[in-house]
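Written out below as structure tokens is the structure these notes cover.
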Amino acid sequence: MVIQGYLLSILYGVACILLSLIAYKFGVPKTYTRKIVHVLVGFEWFILYHYFKTDYHFLIVCLAFTLLLALTYKKSLIPMISSEGDNAPGTVYYGVAMSVMAAVSIFLPDFVLPFGIAVVCTSVGDGFAGIIGSLFSKFKGNVKIYKSKTIFGTIAALAFSFLSVLVFAHIYLEDFKWYYILAISVLAAGLELVGGRGLDNLILPFGTSLFSYLLLFVDGVDNYIMPIILTPLVIAAVVEKNVLTVRGVVSAVLLDIVVSAAFGNFGFCILLAFLAFSVVVDKIKKKALGKNEDKSKRGDKRDEIQVLANGFIPAVFAICYLIWHHHVFILAYTAALAEAFSDTCGSGFGAFSRSAFDIFRLKKIESGLSGGVSVVGSCASFLSAAAFPLIAFAFGVLDLKLTLIAGLSAFAGAVFDSFLGSVFQVKYKCESCGKITEKEEHCGDMCSVYSGFKIVNNDVVNLLSSAFASAIAIAVYFVISAVG
């Protein structure tokens with residue numbers, strides 16, 4: 001039985017290479033011949049599982065093929081399966097991933113089926129992503145969505161991963177929930193999308209196998225499905241659209257991990273909503289300003305300081321919830337993000353006003369300066385503060401009364417933001433043109449301090465305003481609890 005397994009697995013591997021070689025000799029481009037092997041080699045798992053289950057023989061075969069792939073990559077012995085142009089040892093990475101998962105299965109036998117799911121996602125899903133992406137590379141609608149990855153390729157990764165896992169589950173996993181299959185497929189497509197230079201052949205199998213194991217054998221994973229499967233797609237979107245700097249992306253990912261660990265699907269989705277809507281509002285603001293100068297210090301991309309200015313307070317309450325698990329921390333978390341979004345909307349839509357009014361200094365100021373309010377901006381701020389906490393209500397983590405408290409606290413925080421922006425936030429005056437701005441440099445020269453304190457910039461104001469909104473929400477919560 002063991003010898004038969006070895007012989008059949010070797011013959012199948014040789015057959016895959018020969019089929020690729022024949023196609024290559026008949027003029028099929030290397031882009032497709034290497035994908036032929038990529039797709040077919042995954043079915044080796046079924047042979048090995050049938051004969052060896054979780055035995056060490058499974059690992060021996062995987063290691064042997066990995067060494068063969070490494071040798072052929074190093075010496076260019078089999079040109080029709082080498083990567084085109086980027087010199088990435090993707091096939092070697094795939095062999096390494098197979099070997100590692102086979103080794104894990106020896107010590108953790110339950111891991112072998114998640115291992116199989118990862119293999120079909122990598123071979124079939126990732127394989128057809130490359131084939132479909134290449135076939136339609138010149139099609140007008142097949143736009144690049146992340147580096148060299150295209151929309152058709154990503155859709156193919158999702159569709160073929162879903163179909164392959166569906167068949168796999170029908171054979172080996174009875175009563176495997178359909179949305180688990182969909183979740184695994186979305187994660188596979190996301191990991192394929194962000195994996196460059198062949199690294200998708202590592203992160204895709206490792207990611208999908210671990211996620212599949214959690215779904216099969218760990219209770220409570222359903223509450224964390226959204227952050228697990230959508231984070232790779234969000235990272236791809238943020239990087240591709242240049243929304244954040246590199247450090248900003250790292251900070252956002254760390255914030256995502258903390259928030260998702262504490263609040264699960266709800267925490268991730270409301271954080272994602274804040275990021276997505278804030279990007280939209282920033283674009284609206286940019287369009288409203290047109291050719292007029294943006295007087296704020298913020299650039300087109302947010303850095304790690306700006307991420308922490310809006311995300312530090314929510315992260316603190318996420319950690320508090322992890323430690324004490326008190327419902328008030330969900331309220332405070334929601335109020336903090338709602339305030340940040342309310343301030344963003346007030347500033348963004350307020351840019352449509354020709355001028356603003358500083359209600360704390362009782363004078364007109366130019367639109368775009370911190371501390372100024374307008375009718376349009378104030379209405380947008382109030383409506384966004386009221387609407388944003390409805391996400392928490394939709395998830396069922398806040399009742400209607402607490403949702404109302406979060407909304408009102410957020411708007412109070414936005415008003416406090418205007419107060420700080422007016423009285424304490426530093427503003428500069430350009431000595432050359434006389435413009436009032438929040439930038440230290442203007443017209444190529446350093447500006448002089450016009451008002452406020454130099455240490456209090458827009459990021460400090462955002463941090464304090466977020467903390468203020470949360471403090472109001474917590475205070476009202478305990479007052480109502482004491483009275484009730």
Could you size up the charge dipole of segment 174-284 around its Cα centre, putting +1 on the beta carbon of Lys and Arg and -1 on that of Asp and Glu, and report it in debye to the nearest 20? 420 debye
Just to confirm the number: angle between the C-alpha axis of helix 151-172 and the first principal axis of the chain, 0 to 90 degrees, nearest 10? 60 degrees
Ordered by residue, what ³J(HN,Hα) values in Hz, to whole numbers, does segment 253-262 give under the Karplus form 6.51 cos²θ - 1.76 cosθ + 1.60, where θ = phi - 60° and Gly and Pro are x? 5, 4, 4, 4, 4, 5, 5, 5, 4, 7
Which whole-percent values make up P(r) of segment 137-215 when all C-alpha to C-alpha distances are grouped in 10 Å steps starting at zero? 19, 46, 27, 8, 0
Under a no-solvent Debye model with one identical scatterer per Cα of the chain, what's log10 I(q)/I(0) at q = 0.06 Å⁻¹? -0.37
Kindly provide log₁₀ I(q)/I(0) values, in the same order as q = 0.11, 0.15, 0.22 Å⁻¹, from the Debye equation applied to equal alpha-carbon scatterers of segment 167-291. -0.46, -0.78, -1.36
Here the residues of segment 408-445 lying in the modelled label zone of VAL483, meaning backbone nitrogen under 20 Å from a point 7 Å along Cα-to-Cβ, are 408-413
Neighbours of PHE352 by Cβ distance under 10 Å: Lys/Arg at +1, Asp/Glu at -1, summed charge +3
Mean shadow area (nm²) of the C-alpha convex hull around segment 223-264 is 2.7 nm²
Helix 225-240: angle to the longest alpha-carbon principal axis of the chain, degrees 0 to 90, nearest 10? 70 degrees
With axes computed from alpha carbons, what is the tilt in degrees of helix 328-350 against the longest principal axis of the chain, rounded to the nearest 10 within 0 to 90? 70 degrees
Straight-line reach from LYS30: which aspartates and glutamates fall under 17 Å, measuring Cα to Cα and dropping same-chain residues less than 8 apart? GLU84, ASP86, ASP126
Using label points projected 7 Å from each Cα along Cα→Cβ, tell me how many nm separate GLU366 and LYS53, to one decimal. 7.7 nm
Skipping prolines and chain starts, which residues have an amide H placed within reach, meaning under 5 Å, of the one on TYR450, given they are 5 or more residues away or on another chain? LYS427, TYR428, LYS429
Distance in nm between label sites at THR31 and ILE3, each 7 Å beyond Cα in the beta-carbon direction? 4.7 nm
With only alpha-carbon pairs counted, each pair once and no self-pairs, how large is the Kirkwood hydrodynamic radius of segment 1-159 in angstroms? 16.4 Å
Please compute the length gained on full extension between LEU254 and LYS301, using 0.36 nm multiplied by the number of residues separating them and subtracting their Cα-Cα distance. 15.1 nm
What's the extension gain from LYS401 to SER148 if we count 0.36 nm per residue and subtract their Cα-Cα distance? 86.3 nm
Evaluate the charge dipole of segment 300-372 about its Cα centre and quote only its size in Debye, nearest 20, assuming +1 on the Cβ of each Lys and Arg and -1 on the Cβ of each Asp and Glu. 280 debye
Only loop residues by DSSP count here, and only those with at most 12 other Cβ atoms within 10 Å; note down the GluC sites (Glu not before Pro) in segment 154-260 that meet that. GLU174
Scan segment 416-459 for trypsin sites (Lys or Arg not before Pro) in coil per DSSP, keeping those whose Cβ has at most 14 other Cβ atoms within 10 Å, and list them by number. LYS454
Length gained if CYS433 through SER451 is fully extended, taking 0.36 nm per residue and subtracting the Cα-Cα distance, is 4.8 nm
Approximate spin-label separation ILE284-LEU216, in nm, with each point projected 7 Å along Cα-to-Cβ: 4.7 nm
Answer rounded, prolate or oblate for segment 305-361, using the Cα gyration tensor with square roots of eigenvalues a ≥ b ≥ c: rounded when a/c is under 1.5, else prolate when a/b is larger than b/c, else oblate. prolate
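Here, each number is a calculation from the coordinates, and none is a lab measurement. If you're wondering where the values come from, they're calculated on a predicted model, not measured in any experiment. Cβ coordinates were reconstructed from backbone atoms using ideal geometry, including for glycine residues, and neighbour counts include every protein chain displayed.
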